[in-house]
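Here is the structure we will look at.
What follows draws every value from the coordinates through simple rules; no lab data is involved. Note that the coordinates shown come from a computational prediction; the quantities given were computed from them, not determined experimentally. No Cβ is skipped: glycine too gets one built from the backbone with ideal geometry, and neighbour counts run over all protein chains shown.
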Amino acid sequence: MSALAHLIPEFEGWKARYPAGFEGSLTIPCLQRIQEVHGWVSDAHIDALVDYLGVPRTQVDEVLGFYTMLRREPIGRHHLQVCHNVSCTLRGAEGLLAHLCLRLGIAPGETTPDGRFTLSTVECLASCGTAPMLMLNETYHENLTPASVDALLEGCP
Ligand code: FES
C-alpha cells in the first residue's frame, strides 16, 4: 500500500483544480501536507508522491533541497526556530540562542534526547520590529528576553 494512501483523497481534490499535464504543480502543496501530518518527509513518502504525481524523482528532490522549511528527518515535538538575522542579532538574538543552548543542552540543528525540543536558527522571519524573536512550531514569539524564553519552554509539554 502507498505511504500516502491516507492523503490521496485530499490530493485528488487539489488535482481536480489543475489542467491535465500540470500535476507537477502539486509537488509543494503535497509535500507541505505530508509534513503537516507526519512532521517530516520520508523516502517512502517521496517514492509514493513520485508515483502519484508522475513527476521525476529529481523534481521532488530539488524542491526538498531548496526549501529549508521542508524536513527530511524527524524533529522534536517543539521546534524552536531562532531568527539570527540583523535586527534580531542587534537586539540580542545571539544571547538568547546561547541561553537556549545552555537550557536545552543542545546546539542549533540538534534535538533533545527526549524528543521534546529541536533547536534551529533561521534567517529573517519578517518580524524585525519586534526583535528578537523565534518561532515555536507555527507561532511567533516576539520581544524576547531570557526570562520570557524560560517561560515559553516551561509551557511546552
Ligand atoms: S531580523 Fe529577525 S525577524 Fe527580521
Completion exercise
Flagged pairs (Cβ under 7 angstrom, 6 or more apart or on separate chains; first in region 87-98, touching a residue at least 24 places away in the same chain (Cβ under 8 Å); second surrounded by 14 or more Cβ atoms within 10 Å (Cβ to Cβ) and assigned to a helix (DSSP H, G or I)) are S87/C128; L96/P146; L96/V149
Exercise for the section: Scan region 87-119 for residues that are over 14 Å from V149 (Cβ atoms), surrounded by fewer than 17 Cβ atoms within 10 Å (Cβ to Cβ) and more than 16 Å from the ligand (Cβ to nearest atom) and report the count. Expected result: 9
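Have a look at V60, V82 and point out the one that is surrounded by 12 or more Cβ atoms within 10 Å (Cβ to Cβ), under 25 Å from F117 (Cα atoms) and not charged (D, E, K, R).
Values: V60 fails: under 25 Å from F117 (Cα atoms).
That would be V82, the only listed residue that is surrounded by 12 or more Cβ atoms within 10 Å (Cβ to Cβ), under 25 Å from F117 (Cα atoms) and not charged (D, E, K, R).
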